[in-house]
1. For the subset of segment 151-184 comprising residues that are away from the ligand (no atom under 16 Å from the Cβ) and touching a residue at least 24 places away in the same chain (Cβ under 8 Å), which member is nearest to the chain's Cα centre (by Cα)?
2. Please go through segment 72-118 and give me each residue that is surrounded by 12 or more Cβ atoms within 10 Å (Cβ to Cβ), more than 9 Å from the ligand (Cβ to nearest atom), among the small types (Gly, Ala, Ser) and closer than 21 Å to residue 155 by Cα, ordered by number.
3. So in segment 124-165, with the set limited to residues that are β-branched (Val, Ile, Thr) and within 18 Å of residue 193 (Cβ to Cβ), which one is surrounded by the fewest Cβ atoms within 10 Å (Cβ to Cβ)?
4. If residue 35 satisfies all but one of (1) within 16 Å of the ligand (Cβ to nearest atom); (2) under 16 Å from residue 163 (Cβ atoms); (3) in a loop (DSSP other than H, G, I, E, B); (4) over 31 Å from the mean Cα position of the chain (by Cα), what's the number of the condition it fails?
5. Name every residue in segment 80-134 that is hydrophobic (A, V, I, L, M, F, W, C) and in a loop (DSSP other than H, G, I, E, B), in order of residue number.
6. Which residues, counting only those in segment 61-79, are among the basic types (Lys, Arg), over 18 Å from residue 107 (Cβ atoms) and in a helix (DSSP H, G or I)?
7. Against the definition (within 30 Å of residue 335 (Cα to Cα) and either within 16 Å of the ligand (Cβ to nearest atom) or at pLDDT 95 or above (or both)), how does residue 249 come out, yes or no?
8. I need the full set of residues from segment 7-24 which are near the ligand (Cβ under 6 Å from one of its atoms) and in a helix (DSSP H, G or I), in order please.
Amino acid sequence: MSSKKNIVVMGLGYVGCVSAACLAEIGHNVLGVDRDIHKVESIAKGQSPFFEAGLETLIKRNLAAGRLKAGTLTKEALQAADVVLLCVGTPSQANGNIDLSHLRRVCEDIAALLGPRKKRLAITVRSTVFPGTCEGLLDSAFADCKDVDIVSNPEFLREGTAVKDFMEPSLIVVGGSQEKAAKSVAEMYAGLPGEVSVVSLRTAEMIKYACNAFHAVKIGFANEVGSLASSLGVDPEQVMATMCNDTKLNISTTYLKPGFAFGGSCLPKDLRALNFRASRLDLKLPLLGSVLHSNDEHLGRSIHKVLDLPGKRAGIFGLAFKEGTDDLRESPVIAIIEHLIGKGRDIRIYDPHIQLDGIYGSNLSFVVSALPHIGRLLQRSLDELIKSSDTLVIAQKPAAAEAKQLAASGLPILDLTRLEKDSSAG
Ligand SMILES: NC(=O)c1ccc[n+]([C@@H]2O[C@H](COP(=O)([O-])OP(=O)(O)OC[C@H]3O[C@@H](n4cnc5c(N)ncnc54)[C@H](O)[C@@H]3O)[C@@H](O)[C@H]2O)c1
């Protein structure tokens, strides 16, 4: 059982009503509030305001046990609360931007009733909001309330299985700049299976968007691959089901780390072939058709970062399209090097698996046609690369010893294999 908290839930729609009933079910005292009086009255009578499997049973049981109430927000309820969960809607504006008017309004309602407090209050945003919203909007709304902490706790439930999703969560994320407040909100879930991921405010807000974008991309991907399979007389369900049996490369964390653009002898070639065939079939697959473009844009961002580096002599670590291979075909590093040379930069390259006298065939012809002066640029050791450079660009994951040597060089390093937080972001 979790440590019992007094919780006020603002907004009793799909998210708020399920959260209120489930939090009461795991032992907390919950007051649900909504500006829609019908929802409040319905819950107070033991009826779910909408259909959601298992919800009405929970509402009835917890009303009877005295752990769940529905009513209006009062000064007393706020004074007793440990956590206020904001579950109001954040719909789209006509231009696609998020509409925060409900969130602003609910913050004003709360701020108007907040007096001096005997204990801290965690105002917790469960609605889906863009990174920076909690800091910006809520910090200003509650700027005068020094006993208030702002926490983000996005919701991941799915309508139709919302109660089950709450009780058996796929993910619980709590974000906050005040460690104590974030921990206190995380404690609310102590009765549920799974670990709580405690992160920063902005990270929590971003994770929710990342999850929904990922779900949408997965569905779009399955539908496009399925449509192509179907057009080719192949069973779409068998293709996707078998693909999902691979939990090492396919349904896994592999390829889900933000870093450098992809390249190599297979991914670009096979995507091109797939898109060509789809176009021949008059089949529009915009998601699959945009992947190489997305990769080019990402490569373009890397090129800009490299061109922004100080110093004239850039040392490039890695030439093959990834670590552990000497395959140079369609290596994105070559595109970066072409740009640098085109801008008159003096560059040197080192790749632990590539010495010019060791490559031949299509690999050699590819690199020589792209970089005719490769022989002059390629260094024989990492030491040589460091000595001939003002700045270093890591374009391929170094082994531990090489990473140490690169770091010990004392030179400015741009690591393209990792995307870092932009500290200038507002
Ligand atoms: N529905 C889902 O499956 C789901 C899942 C995860 C996250 N979310 C996110 O959760 C948020 C809520 O979604 P929802 O589907 O529950 O919305 P909803 O529209 O069903 O419910 C929102 C409720 O907030 C109430 N409300 C608005 N202003 C209020 C105020 N000032 N005081 C009190 N109540 C107020 C409304 O009357 C309404 O009942 C959104 O940001 C949504 O994106 C939704």
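The values are calculated or read from the model by the stated rules, or taken from the named source; none is laboratory data. Note that this is a predicted model, so its numbers are computed, not measured. A quick note on method: Cβ atoms are made from the backbone with ideal geometry, for glycine too, and the neighbour counts reach across all protein chains shown.
1. Among residues in segment 151-184 that are away from the ligand (no atom under 16 Å from the Cβ) and touching a residue at least 24 places away in the same chain (Cβ under 8 Å), the one nearest to the chain's Cα centre (by Cα) is 176.
2. 81
3. Filtering segment 124-165 for residues β-branched (Val, Ile, Thr) gives 124-125, 128-129, 133, 148, 150-151, 161, 163.
Those still in the list that are within 18 Å of residue 193 (Cβ to Cβ) too: 161, 163.
On the way: 161: 13, 163: 20.
Filtering first and then ranking leaves 161.
4. If we test residue 35 against (1) within 16 Å of the ligand (Cβ to nearest atom); (2) under 16 Å from residue 163 (Cβ atoms); (3) in a loop (DSSP other than H, G, I, E, B); (4) over 31 Å from the mean Cα position of the chain (by Cα), just (2) comes out false.
5. Hits for segment 80-134 are 81, 87, 88, 94, 100, 114, 129, 130.
6. In the first step, residues of segment 61-79 are kept if they are among the basic types (Lys, Arg); the result is 61, 67, 69, 75.
Now drop any that are not over 18 Å from residue 107 (Cβ atoms), which leaves 61, 67, 69.
Hit for segment 61-79 is 61, nothing else.
7. Yes, satisfied.
8. 14, 15, 16
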